[in-house]
1. Between a first residue in the stretch A:9-23 that is more than 7 Å from every other protein chain (Cβ to nearest Cβ) and a second residue that is loosely packed, with under 14 Cβ neighbours inside 10 Å and part of a loop (DSSP other than H, G, I, E, B), which pairs have beta carbons less than 7 Å apart while being 6 or more apart in sequence or on different chains?
2. Within the bounds of the stretch A:50-60, is there any residue that is crowded, with 17+ Cβ neighbours inside 10 Å and closer than 27 Å to residue A:160 by Cβ?
3. Out of (1) within 9 Å of another protein chain (Cβ to nearest Cβ); (2) not in a loop (DSSP other than H, G, I, E, B), what's the single condition that is false for residue A:34?
4. Can you tell me which condition residue A:128 does not meet? The list is (1) modelled with pLDDT under 95; (2) surrounded by 15 or more Cβ atoms within 10 Å (Cβ to Cβ), and all the others hold.
5. Within 12 Å of chain B (Cβ to nearest Cβ), in contact with a strand residue (DSSP E or B) (Cβ under 7 Å, 6 or more places away or on another chain) and within 17 Å of residue A:134 (Cβ to Cβ): does that describe residue A:52?
6. One residue is enough: does the stretch B:99-111 have a residue meeting the conditions within 14 Å of chain A (Cβ to nearest Cβ), loosely packed, with under 14 Cβ neighbours inside 10 Å and more than 12 Å from the chain's Cα centre (by Cα)?
7. Regarding residue A:47, is this residue crowded, with 20+ Cβ neighbours inside 10 Å, within 10 Å of chain B (Cβ to nearest Cβ), at pLDDT below 95 and not in a helix (DSSP H, G or I)?
8. Here is a list: B:27, B:90. Which entry is within 12 Å of another protein chain (Cβ to nearest Cβ) and crowded, with 16+ Cβ neighbours inside 10 Å?
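The values are calculated or read from the model by the stated rules, or taken from the named source; none is laboratory data. These numbers come from a predicted model, not from an experiment. Counting neighbours? That spans all protein chains shown, and the Cβs are built from the backbone with ideal geometry, glycine included.
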């Protein structure tokens, strides 16, 4: 199959790689139908993330269709034909952190947790396509991908509707949502969002859904401000950083 | 029990580190690695030329001033080295190295004359430069042929 592979600093290539196979009963194989490119993929491309190895498959924001299921994943209800979003992190569902809902720091899924603990003092969950310090797993900028711990990792979505309706559940929508959630928004609050890139736009929408009285979107890129206006027509107030500083 | 695919890395001090990896991966592309290695080599030579120009002159039997060696050798190597270290896919930096190699070959050929007491060193340096030039040309040609769709 074809996949986007990291071949060194500033060198990403579409190359032939082996097809994924079921390696563990908890695995599933996904036919990728859509994927985002994340801003954090630029960190990998520019060589800022250690433990990337030449040949690594990129991508941590895909979605697709289940085409093969391991026995344990099948027993937990996952079946061929399911339409799923693949979150950037994989979760075992059983460890203390998963039980507490802190899925991004699952204590089981990072195969190279010892290295992560040596670097950071603790480990993240295993991540797709994001260096060996997060587990060395192949990513989803590919035709197919293997998803370990599939039954507890994958998000099932309805069969109807375009991919774009669900795709952002993989990473950037939850990132924007969590940014708003951290602000503990009350109904009387005015929320300012600096930066109207993809995550900023989702933060604006999340802040409104979470009850903000007004959202002020701040950016100096006209196209991004136009998008912010279009997405939140009743609540936006846009300002350029330089003029707001004067 | 599923097979665990691993990669072993060498660490400074002779230790090794073994990490789990994925079997789904591409074969390493050779050209960018050669290019990156050439960049690191250039940084080393650039430091030598900039910090010890008199030593370079003594080693090769050069009669120019240390400042000339710093500019024509040290700074030049450092510039292409830094360019390739920051972006090993930069074909223009590789071609700049080829141009520098041609200059080096011309100078070193002159230094292999019998009147130069360090002609043995000059011959050795010429051999190394010829080998590196071959790598530079191959890397530059291959990198120039890469079809880029994001510029």
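1. No pair meets every condition.
2. yes
3. Unmet condition: (1).
4. (1)
5. yes
6. Checked against the condition, which is being within 14 Å of chain A (Cβ to nearest Cβ), loosely packed, with under 14 Cβ neighbours inside 10 Å and more than 12 Å from the chain's Cα centre (by Cα), the stretch B:99-111 yields no hits at all.
7. Against the criterion (crowded, with 20+ Cβ neighbours inside 10 Å, within 10 Å of chain B (Cβ to nearest Cβ), at pLDDT below 95 and not in a helix (DSSP H, G or I)), residue A:47 does not qualify.
8. Unique residue meeting the criteria: B:90.
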